[in-house]
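The values are calculated or read from the model by the stated rules, or taken from the named source; none is laboratory data. Because the structure is predicted, anything quoted here is derived from the model rather than measured. Here the Cβ positions follow ideal geometry from the backbone for every residue, glycine too, while neighbour counts run over all protein chains shown. Remember, those area values only see protein heavy atoms, side chains included, never the ligands or the DNA or RNA. Shrake-Rupley method; radii C 1.70, N 1.55, O 1.52, S 1.80 Å.
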Amino acid sequence: YLQHVNGTGAVVDGWPATGLAIAVVAGVQSAPAVVSDDAGGVFVSWQDRRAGNDDVYVQHASAVGALVPGWPTNGVAACTAAGDQRTPRMISDDAGGVVLAWQDQRGGGWDVYASRMHGSGALASGWSADGTAVCVAGGDQTAVRAARDGAQGAFLVWQDGRGSDLDVYAIRLDANGTVPAGWLANGSAIGEAPADQTAPDVAADDAGGIYVTWQDRQLADADIRALHVVADGSTAAGWSEGGSLLCGAAGEQTAPRTAVSLGDAYALWADARGG
């Protein structure tokens, strides 16, 4: 269900008091995500077990408390491939539609797939039905996050098990779902030091690049590192290859979150330095 409240916390006129039904269908609908459509409404995505395994669905609601005309009750399937598709992440494509990414088990292990959908619900040109393969390397790719690239594409980051430990990888997809020059198929390593790099987060830098944060065990307990990556996949000037240490205090620093304001990055994390 979805609700629309104004700045005072009151339900906006025209919206049902108990929320607008987004998907009310057999099976469990879970792990919802929501993003603005840049026109007063929102897109909603979720994982959906109506068919017996987890798939990815999308719905589009307008500002007035109704589904956007042309969108069916209970949503449009973004992916109903074999196996489970879980924890969709979604961003605006800056053109009235969305880019989605999720972890996908159709190949046996967990991989990363993505799709771009117009505001009408139609699949964007160049993207594959049931999702474009983003990373199908060995090991499991999980914990995917997404950020806008300002050009109708997306940046994606995830934790990656293709090596002997967990690392952080990233990729850029253009408006047609292809990988631009400077970026590697199956992703470019962002944090690939010894020990585990996990739980990445990402935010657009408002200049065509991204800030990436993650928890890092190079120094035994979990610390927080970050990296600023520009549009062509290279490291921004002044930043250390493999990430700059933001916090190496005693105890565990985990679950980083990242935001950008006026081009600068803010990083937030949970911290056990006090016990």
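At-a-glance table
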quantity	calculated
Inter-residue pairs, beta-carbon under 6 Å, first farther than 17 Å from ASP174 by Cα and of a type in the set (D, E, K, R) and in region 120-136, second open to solvent by 80 Å² or more (accessible area, probe 1.4 Å) and assigned to a strand (DSSP E or B), 6+ apart	none
From the options ALA199, ALA189, ALA185, residue that is buried (at least 19 other Cβ atoms within 10 Å of the Cβ) and under 27 Å from ALA133 (Cβ atoms)	ALA199
Residue list for region 165-196, restricted to those being modelled with pLDDT of 95 or more and in contact with a Pro (Cβ under 9 Å, 6 or more places away or on another chain)	ASP165, VAL168, TYR169, ALA170, ARG172, LEU173, ASP174
The lone exception for GLN59 - which of (1) polar (S, T, N, Q); (2) in contact (Cβ under 8 Å) with a residue 24 or more places away in the chain; (3) loosely packed, with under 14 Cβ neighbours inside 10 Å it fails	(3)
Residues (of a type in the set (D, E, K, R) and buried (at least 16 other Cβ atoms within 10 Å of the Cβ)) located in region 224-270	ARG225, GLU252
Set VAL12, VAL34, VAL28: member being surrounded by fewer than 19 Cβ atoms within 10 Å (Cβ to Cβ), among the β-branched types (Val, Ile, Thr) and over 23 Å from SER115 (Cα atoms)	VAL12
Meets criteria (within 28 Å of ALA124 (Cβ to Cβ), assigned to a strand (DSSP E or B) and either open to solvent by 40 Å² or more (accessible area, probe 1.4 Å) or touching a residue at least 12 places away in the same chain (Cβ under 8 Å) (or both)) for VAL212	yes
Which listed residue is in contact (Cβ under 8 Å) with a residue 24 or more places away in the chain and hydroxyl-bearing (Ser, Thr, Tyr), from THR198, THR235	THR198
Which listed residue is touching a Gly at 6+ places or on another chain (Cβ under 9 Å) and assigned to a loop (DSSP other than H, G, I, E, B), from ALA237, ALA226, ALA207	ALA207
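Residues are listed down the side, and each one gets a yes or a no for (1) under 15 Å from the mean Cα position of the chain (by Cα); (2) among the acidic types (Asp, Glu); (3) more than 24 Å from PRO256 (Cα to Cα):
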site: ALA114; (1), (2), (3): yes, no, no
site: GLY126; (1), (2), (3): no, no, yes
site: VAL144; (1), (2), (3): yes, no, no
site: ASP149; (1), (2), (3): yes, yes, no
site: PHE155; (1), (2), (3): yes, no, no
site: ASP165; (1), (2), (3): no, yes, no
site: ILE171; (1), (2), (3): yes, no, no
site: ALA181; (1), (2), (3): no, no, yes
